[in-house]
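K.L.:
Structure below; questions to follow.
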Amino acid sequence: MSSIATTSGQSSTIDELLAQLTLDEKAQLLGGVDTWNTFAVPRLGIPSLLLTDGPHGVRTVRDEGGSFDLGNSHPATSFPTSATVAHSWDPRHARRMGAAIALESRDLGVHVLLAPGVNIMRDPRCGRNFEYYSEDPLVSGAFGSAFVQGVQGEGVATSVKHFAANSNEDYRFVGDSVIDERALREIYLRAFERIVREAKPATVMCAYNRLNGTFCSDHRELLTGILRDEWGFDGVVMTDWGAMHDRVAALEAGCELDMPGGVEHNGAAIVSAVEHGRLAPEVLDEAVRRMLQLVERASGGAVTSAEPHDPVAHAALAREIATDSGVLLANDGTLPIDPAAAPGSLAVIGELFEKMRFQGAGSSLILPPQVVTPKDAFDRRGIAYTYARGYRTLTAERDAGLEREALASAAAAKTVLFFGGLDDFEESEGFDRSHLRLGDPQVALLRDLLDSGARVVLVLFAGAPVELPFAEELAAVLDLALPGMHGGEAAAALLFGEANPSGKLTETWIRTADDSSAAADYDRGVVARYAESIYVGYRFHDKAGTAVRYPFGHGLSYTSFEYRDLEVRVEGDRVSVAATIANIGDRDGSEVLQLYVRNNDGAVFKAEQELRAFTKVRVAAGAAERVAVEFELGDLSYWDVAEHDWVLEDGEYEIRLAASAADVRLAAPLVVDRGRTSRSPYPAAVDADYARPPIGIPESFPALVGRAVPAGDPSGRLTLETRFADARRSLIGRLLLGAVSGRVRKDFRVAQALPESAERDARLKNAHFVLRMMPSMSLRSMAMSSGGAMPYHLAAGLAEIDAGHPIRGIRRILRGPAKPPATTHVGAGPTERTES
Ligand code: BGC
């Protein structure tokens, strides 16, 4: 029987503890006590757990009081962000990185790392894509699983997030992701499924949004039906920070832990529901049992290790992964650059050269002990170059003086290295981009440089694709993405040919936002219609014939690879595919081999081809390697909405070994004759509309989803679930937003007036983050996450007043926080109420 080594030094079985806990204590155990800590029961020796973010490093806030304080954390290694490490196509990197982060977590006393994020990159505008791996579920699942295994292998628990279908930021607190069952299973849940089955994460974090009408915290089918009953998840489900909706419904749905917690209303709701027979005591006990199991499992890991982690080794690992993840998007032969090129021949332009953007903004922000910018890395190597800043980040204003200086330095040089990308005002957790353009100052300067005839290499730092209308005129494009604290070293190693680029894209690089597979309905309102269904990313573009800037899986090398001698073997349910990869250039290099399977041509609509396996192989110059990858026949199944199950269809498929989704090198037929004859589970209108990727929102979309699609609330009133930005007709809403925004706007202005410094940038970024995120918050999300600053009774009262019930609202406010009724005996636990 399970037992907990409690803080009192004694070991109690979970059953014993359950029998001794009071109802109040049980309710409190299912919520945090502050932003990062769970509830402890000292009298029974039950310790509290420390939970903190992830994913590309561990962020522990210095303030013991449990504040959110993004800018004040203990130093930790800042690894490349998830979107970056995925470009390596080497899940071993995610595993090593996870293990390293776990060692740092242990040193900092962290029990649960809030990572990895495995949401699908539905649209490059999502401000948080830098924290996710891919538009493809196989890539997301492989990396997420490796990361979880790496972290948990070192005794630290993980929290796979955000479950599920949290694909935008602008509407994340209240949005409703309307998705058909098949897209949900094949695209949005698949990575979670693999991770749960394969890596057994200790916890899963439910998303803020609704999924098909029900908030994820209350979604029984999602949290119990699918997650536990089907996939066998045996850990704890916690809310995202402030994502709790109906506390009792959530418990019944399978959501145990309310974070950050401290919301009296929620604890009181549990107590009252049990006391009034609205919640079965067994349901509560089961949730508490799981929580105690988590305490037991996780509290062992955070003992400070005898050997503290090695920061130098972790920095080296961050550099290695960043180098392996750089993607050479284009090259006319200008790269690599000779590091000994004559002085004066190399002009470096762009602020990001000296102020590298190496991570994204929001809850994942790490304060690394040290940052190596490209400038540091160039200088260490003694490279001769001229430098002109060219533009400023964190402003949309052009600077004529800086531009003149940059053009002059380019005129005197043979090659221009332009360091560009996005800043934290443009891309962040908490809000989405409305377009994919680079900032005006960069675009204007690049245009002028190209018009002046300069040979320009663009080096990019950004968490997601950007528009490159001048791509054809550039000599080369090297994408470092958000490479972590040693990104400068990676940039230099790749630019000067010390390392050979081997990263490839895990997201299609579209030309403009209009080309997105989600363009029909992205960020248009509270109700997000996922009308593209399974046609996400390359699944859409391949079949629709979209002209993209760079296809999924694309990335160049300084050498070339030849693919030959394809061999396909089917043994039982396993398909093994082998080929020889020859390096026919004069540099050692690595190639990412992608195995797509072209789907059968049946009655059920499908993507043209889907990634089914991949691997990365290192091949010395002039050498050849035999490489094998495998997959299960069952992986070719689609989710059948009539049978609610995976179905493998008979038919002719095709194995494609490819260097990218658009660069198939070898192909062979694969005939499947052990499935069943193809037949569509859909109404004819759906078959017709979805035979090809739909343009716009097909009339048959409700038929595809299987229910009427809600319209959203256009009333403009302030309810508990209205974004402040949408409460146009509510005086209270406007006043509230104005009050919070007014204060932050003032902070912003004060920061703006400061002289240039890291301190000024940090203050500007913090203020901007809040300013941009506030409008998308709701009364409920504020009440659930503000640590008491916006108590629930006040939020609920304000909503009542706004709905035209002033007396009821004022009464609600005056009544104060909900107090659990003082009764005694309930359920399996003892009877007394604790006086807390
Ligand atoms: C984010 C989570 C994060 C949590 C705690 C939320 O706003 O969505 O990913 O783990 O905050 O920082």
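Rule-based calculations on the coordinates, nothing more; no lab input. As the structure is a prediction and not an experimental result, all values here were calculated from the model. Reconstructed Cβ throughout: ideal geometry from the backbone, glycine too, with neighbour counts over all protein chains shown.
K.L.:
Restricting things to alpha carbons, tell me how big the stretch 333-457 is in terms of Rg and Dmax, in Å.
P.N.:
Rg and Dmax of the stretch 333-457, Cα atoms, are 15.4, 46 Å.
K.L.:
Work out, step by step, the length gained on full extension between Leu731 and Asp246: first 0.36 nm times the residue separation, then minus their alpha carbon distance; give nm to one decimal.
P.N.:
The Leu731-Asp246 span can extend by a further 172.0 nm.
K.L.:
Let me ask you something else. Rounded to the nearest whole Å³, what is the per residue volume of the convex hull around the Cα atoms of the stretch 344-392?
P.N.:
That works out to 73 Å³ per residue.
K.L.:
Working only with C-alpha atoms, what are the Rg and Dmax values of the stretch 506-608, expressed in angstrom?
P.N.:
Rg, Dmax (Cα atoms, Å): 18.0, 54.
K.L.:
Given the Cα atoms of the stretch 724-803, and with Rh set as the inverse mean 1/r over their pairs in the Kirkwood sense, what is Rg to Rh to two decimals?
P.N.:
Rg divided by Rh gives 1.07.
K.L.:
Shifting gears a bit: Provide the packing ranking of 542-551, 326-335, i.e. peptides ordered by the mean count of other C-beta atoms within 10 Å per residue, highest first.
P.N.:
The packing order, highest mean first, is 326-335, 542-551.
K.L.:
How would you rank 774-783, 38-47, highest first, on the average number of other Cβ atoms within 10 Å across their residues?
P.N.:
774-783, 38-47
K.L.:
Hey, another quick one. Ala413: net charge of surrounding residues, Cβ under 14 Å, Lys/Arg +1, Asp/Glu -1, itself excluded?
P.N.:
After counting each charged neighbour, the total is 0.
K.L.:
Kindly provide the trypsin sites (Lys or Arg not before Pro) of the stretch 597-684 that DSSP labels as loop, not H, G, I, E or B, and whose Cβ sees at most 15 other Cβ atoms within 10 Å.
P.N.:
Taking the stretch 597-684 and a limit of 15 other Cβ atoms within 10 Å, the loop trypsin sites (Lys or Arg not before Pro) found are Arg674, Arg679.
K.L.:
Which loop-located trypsin sites (Lys or Arg not before Pro) does the stretch 680-747 contain, where loop means any DSSP state but H, G, I, E or B and the Cβ has at most 15 other Cβ atoms within 10 Å?
P.N.:
Hits after loop and neighbour filter: Arg707, Arg728, Arg729.
K.L.:
When all alpha-carbon pairs of the stretch 564-640 are counted, what percent fall beyond 16 Å?
P.N.:
Within the stretch 564-640, distances greater than 16 Å cover 58 percent of Cα pairs.
K.L.:
Something else about it: Using each residue's phi in the stretch 621-635, evaluate 6.51 cos²θ - 1.76 cosθ + 1.60 at θ = phi - 60° and report the 3J(HN,Hα) Karplus result to the nearest Hz, with x for Gly and Pro.
P.N.:
With the stated coefficients, the stretch 621-635 comes to 4, x, 9, 9, 10, 8, 10, 10, 10, 9, 8, 8, 3, x, 5 Hz.
K.L.:
Once amide H atoms are built 1.01 Å from N in the peptide plane, which residues 5 or more positions from Gly439, or in another chain, come under 5 Å H to H?
P.N.:
none
K.L.:
Below 14 angstrom from the Cβ of Arg278, what's the summed charge of the other residues (Lys, Arg +1; Asp, Glu -1)?
P.N.:
-3
K.L.:
Between His805 and Glu654, what is 0.36 nm times their sequence separation minus the Cα-Cα distance? Round to one decimal in nm.
P.N.:
48.0 nm
K.L.:
May I ask for the net charge around Ala102, where only other residues with Cβ less than 11 Å from the Cβ of Ala102 are counted and Lys, Arg are +1 while Asp, Glu are -1?
P.N.:
0
K.L.:
How big is the convex hull of the Cα atoms of the stretch 228-351, per residue, in Å³?
P.N.:
256 Å³
K.L.:
Step through the residues of the stretch 714-731 one at a time and calculate ³J(HN,Hα) from phi using the Karplus curve (6.51 cos²θ - 1.76 cosθ + 1.60, θ = phi - 60°), rounding each to whole Hz and writing x for Gly and Pro.
P.N.:
x, 5, x, 8, 9, 10, 5, 10, 8, 5, 4, 4, 9, 8, 4, 8, 10, 5
K.L.:
Quick one: Karplus J couplings for the stretch 215-225, per residue in order, coefficients 6.51, -1.76, 1.60, θ = phi - 60°, nearest Hz, x for Gly and Pro?
P.N.:
The phi angles translate into 4, 4, 5, 9, 8, 5, 4, 6, 7, 10, x Hz.
K.L.:
Pull up all non-local amide H partners of Val709: gap of 5 or more, or a different chain, and H-to-H distance under 5 Å with H placed in the peptide plane.
P.N.:
For Val709, no residues qualify.
K.L.:
Show me the trypsin sites (Lys or Arg not before Pro) within the stretch 435-523 that DSSP assigns to loop and that have at most 11 other Cβ atoms within 10 Å of their Cβ.
P.N.:
Nothing satisfies the criteria.
K.L.:
For Arg210, Arg228, what ranking results if the residue with the fewest other Cβ atoms within 10 Å of its Cβ goes first?
P.N.:
In increasing order of surrounding Cβ atoms, one gets Arg228, Arg210.
K.L.:
Would any residue of the stretch 391-432 have its amide N under 11 Å from a label point 7 Å out along Cα→Cβ of Ala341? List them or say none.
P.N.:
So the set is 413-418.
K.L.:
Okay, moving on. Test of understanding: express the Cα radius of gyration of the stretch 527-678 as a ratio to 2.2 N^0.38 Å, with N the residue count.
P.N.:
Rg over 2.2 N^0.38 Å, computed on Cα atoms: 1.14.
K.L.:
Quote the Stokes-Einstein diffusion coefficient, in whole µm² s⁻¹, for the chain, based on the Kirkwood radius over alpha carbon pairs, a temperature of 4 °C and a viscosity of 1.567 mPa s.
P.N.:
46 µm²/s
K.L.:
Would you kindly compute the Cα radius of gyration of the stretch 444-546 and its largest Cα-Cα separation (Dmax), both in Å?
P.N.:
Both quantities, over Cα of the stretch 444-546: 17.0, 49 Å.
K.L.:
Calculate, for Ala753 and Val312, the FRET efficiency according to 1/(1 + (r/R0)^6) with r their C-beta to C-beta distance and R0 56 Å; round to the nearest 0.05.
P.N.:
Step by step, r from the Cβ atoms, then E = 0.90.
K.L.:
Turning to a different aspect of this structure: Rg to Rh ratio, the stretch 3-300, alpha-carbon atoms and Kirkwood radius?
P.N.:
0.95
K.L.:
Next question, about the same structure. Out of residues 5 or more away from Leu257 or on other chains, whose amide H comes under 5 Å of its own, with H placed 1.01 Å from N in the peptide plane?
P.N.:
Val237, Met238, Thr239
K.L.:
Just checking the chain: which Cys have no other cysteine's beta-carbon under 4.7 Å?
P.N.:
Lacking a cysteine Cβ partner under 4.7 Å: Cys126, Cys255.
K.L.:
Scan the chain and hand back the longest stretch that contains none of the GluC sites (Glu not before Pro) lying in DSSP loops with at most 14 other Cβ atoms within 10 Å.
P.N.:
That gives 65-396 as the longest site-free run.
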